[in-house]
Each structure stands twice: as structure tokens, then as C-alpha cells.
Amino acid sequence: MYILGLTTLGDSAAAIIKDGEIIAAAEEERFTRKKHQSGFPFLAVQYCLDEAGITIADVEHIGLYWKPWVLRHKAMQAVKAALISPSMFKARADRGVTGVGSSYLGMFKYPSLIRERFGKSDFKFHYLDHHQTHAASAFFVSPFETAAILTWDGTGEDTTTLFCKGAGNKIEVLKRIKLPHSLGQFYSAVTNYIGFDMFTGDEWKVMGLAAYGKPEYYDFLSKRVLTTDGNGGFKLNIRVLDHHLAKHYQFSDEVSRELGGPRVKGEELTERHWNIAASAQRVLEATAIHLVKQIKEMTGEENLCMAGGVAFNSVMNGRIFHETPFKRFYVQPAAGDAGCSLGATLLIWHQKLDNPRKFVMNHSYWGPKFSNEECQAALNEAGLKYETLPDEILLPKLAKMISEGAIIGWFQGRMEWGPRALGARSFVADPRRADLREALNHKVKLREWFRPLAPSMLEEEGFKVFGVEHHDPFMITVIEVAEDYKKKIPAVVHVDGTARPQMVNKEVNPRYWNLINEFKKLTGIPMLLNTSFNIQEPIVCTPQDAINTFKNANFDALVLENNLVLRSV
Ligand SMILES: [Fe+2]
């Protein structure tokens, strides 16, 4: 039985499962080449069908990540935002929010839209609760028979935080926190206050900047803006933040008096901004730990699954993993809204159709792949000279180049699902060289100096590098690096002595593991610096995308499967 899942308004995506196992999953942005593409995911759906080798007529169920009739609050926000802020409206239009099938009301027409575009089919269409699709996206593919599940984001239909308990093939909802109380919107408002673009990925920047600051506004923010309550919940003070009116996510004068006023985009980032970021980050972490302790009390579970955009806050995750009583954790690589498309399929298969679980997601490689021949055809077409080498020659050669300072665009296998590059579409470089952080951020990726870079490492070497057992295949946790290791790998250690590692398993991604291992043989260091293979656009998907990036950027070599292209000087 084939089940298709859809995310459509913001980070659009599609996923397809067959008898409960994932066949394919991908974000629409990778195909349209527009970051955070919104609107109906026509290309991602077509990719899922192609990968499964079927047509829409073979799909029995389709699940949507949203119940459009629970739309009052959200729709009012969108309408007001469009009326009040032309710039916000334009930003939404650019991402396709105003395209085909791109309104909450438009969701009612999806079944006919799908038949119109993809052909005749008598699938059953399900409108699903947003946060329950988040919860399903994590728990049902986790290795746990039972777990507490916490999902948190900007907002779903009206829920912003969901407490659940998962057991076998069922998820039970225990508690909801609704608008206007939202951790995601609090963080977005801070993102906006520091002069970054909220909702489009700049939330990462606040977390990156936070490492440089001191939390000197913590007391104020935790008393006047985001407060915890005695019931294991939290409140966002709507008197000091206008997000519930959907104006501009601006803080009130009271907040500005305390914090010294918002930063205008482009203005210099000063220590005050670092301190605001650090304070907001700390308040988020404290609130999150408060909620996690509450769900521990409610469920008595030892396993915790998390999803929703807030679950990408890897610094927060690090504190949750080490400071709360849960023993084991699982966060699926597409923890944000894109992942809800997968959650929708699983919610139907398990919760509605009562099928047992048998599948665990231990990697993120669910996107398109391209053969050596397809890569060669693209290189020929582009007029690039290349050498085709077997792995026994190619991998040691690359390791040597990396150890001598080369930055390499590494493209192999199926594309990652979720926003992290995990060794299928990655830039790789030498983690020992501090200068490479700047080279990568400035010269290659054309982004801010404070963006942290992370290591991909041999899973079995984790204890040596961190001093504790740490298994995170999806790069969603920040952890302190062992003292004696910090100075060995300065390019991937943050200013506060932490790192966000990807643990690479030999069985799961043998080729990437072997590349890292070749580097270890040469240098004794069991890791590579890894950052996503993209420059100001979505992560590359096809060989053509990778070639375009190579042609327009400043890195040393491109590897498309077994084909090596050196930049001629
Ligand atoms: Fe969400």
C-alpha cells in the first residue's frame, strides 16, 4: 500500500511510504531552487511517484499536514500581515506562498488539484492535525517502543506545543499549548529584533550569535516576555509583543527601553546584539527544560522524541540531552514542517489503519540520486574536464587534498532529507585549520563570520573527542568538546568550546565513512569539517546544480560520485 504525505504552506515537501517503509522524501525547494519554497509541492510529489515507480493511481491514501477548518487565528494573521506589511506580503509571494493551492482555503481543493495535475485516482484524502503529524514524524520512525513526544514550533493551526505519549503504533495527545503562546514565535521575534529575516532560516543566526554574547537580559526576558508557569507550561506576554496582531513581530517600547532598540538590517552587529541573542537563547533553553521535565512527570518515560522547528535548536537540544532525566532521544532529520509530510503518511499507516511498526529511520538519504553516467553526461555538457577514479584511488587522493587545505564539493548517493547536509551534498574540508572557517563562510558560502561549522566524524571515535558517549547521526545536538581535543580541531569548535557533530556509521554511509577514515589515516583526526553544499540557495540536488555552484564559486574541487573535477588555476 502506497501512502503519500504533503506539506504545502512553508517548506513544502512530499514523502511516500510503501507498507510503512519510506520510499522517498524531499523538500520542494530542492527542485524549484527557491529556499523555503511554499505552495503545493508538485515537483516533490512527482519525484516521490517516480522513485516509487508508480503513478498517482497506485496511491491509496494521501495525508495533508493541516486541518484547514481550524484556521481562524492563523488565517487572520496572514490577512492582516498582508494588509499591514507589503514587504512581508512580497516576501511571502517570492517563496510561492501566494501560488497555486497556497491558501488555507485552497487546501480544500487539493484532491481535485492532484487529479488534475497527476491523473485519475480514487485515493482517500486525509486532513491531519499539524502537531500530530510532527509527533508521528518522530516517534513512528524512532527506535523506541514507547516514548514521550514533545513537538514545538511557531504554530500549527492554533497549537504551538504538543505533549504526547507514544506506545507501539499509537500516539496519545496529553496536552496542548495554543497561540499566542509560542516558543517559535518568541524566537522569530528576537530574530526580527536583531535585524535578521524571520521565518526564512535566519533563526539559525541568532543561535550562532548567542555563543558570543553574555545573557545580560535574561532576567528581564524571563520575567517580562517569556515566563514559565507552575503547570509545566509557559506564557508569552502579549502586552510586549505584537505577534498576535500579526503586525511586524515587534517588541513594545518597554522591551526596547530595556534592550536598547531593534537593529536595522545591515547595521553593524555589536556586543549588545550578541547579548540579546545569548539572553533569548538562554530563556528558550530554560523554558524548554521546564517543559521537558513536565512531560517526564506526565509520562514516566525514559525515551524522548522531539519535532517541530524548535527541535532544530541544537544548543537547546544539547542541554535537554544532558540536563533532563530522559535517557534516550530521537529527533528526525526533517524535524521542521517539511517532516510533517512524512508524519502524515505514518499517522495514516499506524494510527488510522492500525498497522504495526517495523521501520526505524537511521539515515536521511531519501532524495534523488544520480549514476556515474548521469554525472559524466552533466560534466560533458558543461564542458568540464574530469577524471573518473575508483574509490580505492579517489578517496585517499581527496583525503590528501583536504589535508593540504582543499575545500571540496562532495556529491554522492541520495540527497539528504531535512536541512542538514550529512555527507551526500556537503562541502568538506580540514577541521584542523582555523582559517578555513573564514574561508568557507566568507569566500565560499558568502555568509556571516559567526556561522558555526560542524564536523562529520567516525561514530566509534565519539568518546575520544567528547569524553562521553554521544550518538547523533543527524547533527541536531551541540555538545562540549573534550579539553585536549579543542585545540586540534579549531575550525569546528565554537567559541564556547562546543561542536555539533554528525556521527557517521560505517554500515549506514560506508563511502563517507571511508573518506573520513582516509583523512584519519593521514592526520590522526577522525573527522572532516562538513557544511552544506550550497551558496545562498537550497542545497544542491542534481549534478547540474552542483556544477553551477562550482562554476560560480570559489572552492578547489568537485566530486560527482566517482568523477573528480579540479579547478584549473
Ligand atoms: Fe510546524
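Considering each of GLY308, GLY300, GLY336 in turn, give the residue that is at positive phi, within 16 Å of the ligand (Cβ to nearest atom) and not aliphatic (A, V, I, L, M).
Of the residues listed, the single one that is at positive phi, within 16 Å of the ligand (Cβ to nearest atom) and not aliphatic (A, V, I, L, M) is GLY308.
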Legend entry - Condition check for PHE234: of a type in the set (Phe, Trp, Tyr), under 30 Å from GLU537 (Cβ atoms) and either away from the ligand (no atom under 16 Å from the Cβ) or open to solvent by 30 Å² or more (accessible area, probe 1.4 Å) (or both): no
Inset, instruction - Find the residue count for region 545-569, including only residues that are open to solvent by 70 Å² or more (accessible area, probe 1.4 Å) and in contact with a strand residue (DSSP E or B) (Cβ under 6 Å, 6 or more places away or on another chain). - result: 1
Legend entry - Test for MET475: is it at positive phi, open to solvent by less than 10 Å² (accessible area, probe 1.4 Å), not in a helix (DSSP H, G or I) and not charged (D, E, K, R): yes
Legend entry - Among (1) at pLDDT below 95; (2) not in a loop (DSSP other than H, G, I, E, B), the one test that GLN536 misses: (2)
Legend entry - Some residue of region 153-160 being within 12 Å of the ligand (Cβ to nearest atom) and closer than 15 Å to VAL331 by Cβ: yes
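Okay, residues lined up against (1) open to solvent by 30 Å² or more (accessible area, probe 1.4 Å); (2) among the aliphatic types (A, V, I, L, M); (3) away from the ligand (no atom under 16 Å from the Cβ); (4) in a helix (DSSP H, G or I):
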{"site": "ARG357", "(1), (2), (3), (4)": "yes, no, yes, no"}
{"site": "VAL360", "(1), (2), (3), (4)": "yes, yes, yes, no"}
{"site": "CYS375", "(1), (2), (3), (4)": "no, no, yes, yes"}
{"site": "LEU395", "(1), (2), (3), (4)": "no, yes, yes, yes"}
Inset, instruction - Can you run down the residue pairs with Cβ atoms below 8 Å, 6 or more apart or on separate chains, where the first is in region 344-355 and under 11 Å from GLY63 (Cβ atoms) and open to solvent by 40 Å² or more (accessible area, probe 1.4 Å) and the partner is among the small types (Gly, Ala, Ser) and modelled with pLDDT of 95 or more? - result: GLN351/ALA136
Legend entry - Index of the failed condition, ASP219 passing every other in (1) within 16 Å of the ligand (Cβ to nearest atom); (2) out of contact with any helix residue (DSSP H, G or I) (no Cβ under 8 Å at 6 or more places or on another chain); (3) outside any strand (DSSP E or B): (1)
Legend entry - Conditions (1) under 21 Å from ARG437 (Cβ atoms); (2) modelled with pLDDT of 95 or more; (3) open to solvent by 10 Å² or more (accessible area, probe 1.4 Å); number of the one not met by THR542: (1)
Inset, instruction - List the number of the failed condition for TRP204; all other conditions in (1) closer than 23 Å to CYS305 by Cα; (2) within 16 Å of the ligand (Cβ to nearest atom); (3) at pLDDT below 95; (4) open to solvent by 10 Å² or more (accessible area, probe 1.4 Å) hold. - result: (2)
Inset, instruction - For region 161-186, name all the residues that are within 13 Å of the ligand (Cβ to nearest atom) and not aliphatic (A, V, I, L, M). - result: THR161, SER182, GLY184, GLN185
Legend entry - Complete set of residues in region 478-497 that are open to solvent by 20 Å² or more (accessible area, probe 1.4 Å) and in contact with a strand residue (DSSP E or B) (Cβ under 6 Å, 6 or more places away or on another chain): GLU480
Inset, instruction - Collect the residues in region 115-129 that are in contact with a Ser or Thr (Cβ under 7 Å, 6 or more places away or on another chain) and either without any contact (Cβ under 8 Å) to a residue 60 or more places away in the chain or within 15 Å of THR8 (Cβ to Cβ) (or both), keeping them in residue-number order. - result: ARG115
Inset, instruction - State the number of residues belonging to region 311-333 that are within 16 Å of the ligand (Cβ to nearest atom) and open to solvent by 10 Å² or more (accessible area, probe 1.4 Å). - result: 2
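Residue-wise test of (1) surrounded by fewer than 22 Cβ atoms within 10 Å (Cβ to Cβ); (2) of a type outside the set (Gly, Ala, Ser).
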{"site": "HIS126", "(1), (2)": "yes, yes"}
{"site": "HIS134", "(1), (2)": "no, yes"}
{"site": "ALA138", "(1), (2)": "no, no"}
{"site": "PRO143", "(1), (2)": "yes, yes"}
{"site": "LEU150", "(1), (2)": "no, yes"}
{"site": "THR161", "(1), (2)": "no, yes"}
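The values are calculated or read from the model by the stated rules, or taken from the named source; none is laboratory data. In this text the structure is predicted, and so the values were computed from the model without any measurement. Neighbour counts are summed over all protein chains in view; Cβ atoms, including those assigned to glycine, are modelled from backbone coordinates with ideal geometry. Ligands, DNA and RNA are stripped out before the accessible areas are found, and what is left, the full protein with its side chains, is counted by its heavy atoms. Shrake-Rupley method; radii C 1.70, N 1.55, O 1.52, S 1.80 Å.
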